[in-house]
Amino acid sequence: MARRFDHLADVEAFVAVVDHGSLTAGAVALSTTASVLSRAIARLEGRLGTQLLRRTTRRLSLTDAGRLYLEQARTAFSLFDSVEREIQGQEGEQLSGRVRLTVPTTYGHYRLPSRLQGFLAQHPQVQLELNITNRNVDLVAEGFDMAIRLGQLPDSGLVARKLEDATLCLVASPTYLKRRGTPRTLEELAQHVCVPFVLPSTGRIAPWLFSTQSGDVDWTAPAGIQVSDDVLGMVSLAEQGVGVCQTYDFIAQERIRRGQLVEVLPELRGRSRPFSLIYAPHRRLSAASRALIEALAG
């Protein structure tokens with residue numbers, strides 16, 4: 001009986017070349033050579049009877065057939081990966097397997113470690129791949145099992161379970177306040193050096209959220225210094241006396257206790273932003289992934 005899927009190594013070569021952008025980079029990822037991958041793709045194209053990649057001396061591009069085949073190949077490999085991890089997680093009483101989680105820097109540095117300690121102690125055979133970034137990762141396309149996201153989530157078809165509403169506060173260093181004075185109103189705050197964050201999704205400054213006697217206020221800070229990509233950079237700049245920033249209580253509390261930061265306009269506090277755990281409902285989650293979801297959101 002002839003083997004039906006003896007070409008899977010060629011399919012893997014095709015996916016690796018597209019994902020990494022070149023034959024050379026794909027070869028490095030698969031620990032082989034560019035010529036080996038070139039022959040593998042040629043065999044695959046011969047089997048299918050159509051061209052998948054257009055090759056020039058400078059770049060590779062997908063044909064229409066290549067785009068269709070790539071999408072289906074990624075789906076197939078994702079299913080293989082999922083079922084292997086599910087089986088690994090079901091063998092015996094001890095959970096095992098790999099879980100891939102992506103989180104924003106604020107949560108990854110300040111909230112997630114304490115939440116993971118108990119889970120990892122209880123399930124030492126689980127391998128956790130943790131991606132800490134402020135970029136909105138595409139869960140399915142990039143092979144992540146779940147993500148922690150900030151803010152109100154769009155109706156994307158993903159399952160979302162809220163982790164917490166994180167309270168915000170306004171802070172500055174004692175040296176800055178000594179040099180510039182302490183603002184008593186929003187009007188006075190507008191005259192200070194404000195350090196807001198530029199949202200990567202929109203390129204706009206994230207508003208500072210305040211609660212006043214008249215109601216909630218979304219206030220756009222005059223950008224003395226704009227911070228992008230790493231939101232924790234705002235806190236570092238404020239701590240060094242550069243200006244005023246708004247951050248989460250869970251980041252500022254210890255610094256306030258040590259005297260490195262001082263809360264400004266505390267009468268305007270009370271607003272918060274939500275953090276949620278999200279995952280794709282149509283993707284088969286391994287036992288280890290399901291256990292981690294319950295540990296984080298349960």
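Within the stretch 90-151, report the GluC sites (Glu not before Pro) that DSSP leaves as loop and that have at most 16 other Cβ atoms within 10 Å.
Passing sites in the stretch 90-151 are Glu91, Glu93, Glu142.
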Putting +1 on Lys and Arg Cβ atoms and -1 on Asp and Glu Cβ atoms, find which of Asn136, Tyr107, Leu168 reaches farthest to the positive end of the dipole of the chain. Asn136
If you wrap the stretch 202-261's Cα atoms in a convex hull and average its projection over all directions, what's the area in nm²? 5.1
Along the charge dipole of the stretch 8-62, pointing to its positive end and built from +1/-1 on Cβ of Lys, Arg, Asp and Glu, which listed residue (Thr50, Ala40, Leu30) has its Cα farthest out? Thr50
Between Glu254 and Ser214, take the C-beta separation as r, use R0 = 30 Å, and let me know the FRET efficiency to the nearest 0.05. 0.40
What per residue convex hull volume, in Å³, do the alpha-carbon atoms of the stretch 165-274 yield? 96
Note on the chain: C-alpha Rg/Rh, Kirkwood Rh, two decimals, gives 1.09
Okay, helix-only estimate at 222 nm for the chain: each DSSP H run of n ≥ 4 adds -39500 (n - 2.57), divide by all residues, round to 500 deg cm²/dmol; what do you get? -12000 deg cm²/dmol
At 25 °C in a medium of viscosity 0.890 mPa s, the stretch 8-62 has a Stokes-Einstein diffusion coefficient, with Rh taken as the Kirkwood radius over alpha carbon pairs, in µm² per second, of 225
For the pair Glu71 and Gln152, how long in nm is the line joining their label points, each one 7 Å along Cα→Cβ? 3.1
So for R0 = 25 Å, FRET eff. of Leu128-Arg161 from the Cβ-Cβ r, to 0.05, ends up at 0.85
R0 = 41 Å: FRET efficiency of Ala223 with Arg59, Cβ-based, nearest 0.05? 0.60
Where the centre of each part is set by its Cα atoms, how far does the stretch 234-265 sit from the stretch 23-40, in angstrom? 49
Treat the count of other C-beta atoms within 10 Å as a stand-in for reagent exposure and order Tyr176, Tyr69 from fewest to most. Tyr69, Tyr176
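Values quoted throughout were computed directly from the atomic coordinates according to the rules given, and no laboratory measurement underlies them. Computed from a prediction, not measured in an experiment: that's the story for all the values here. All Cβ positions, glycine included, derive from the backbone under ideal geometry; neighbour counts span all protein chains shown.
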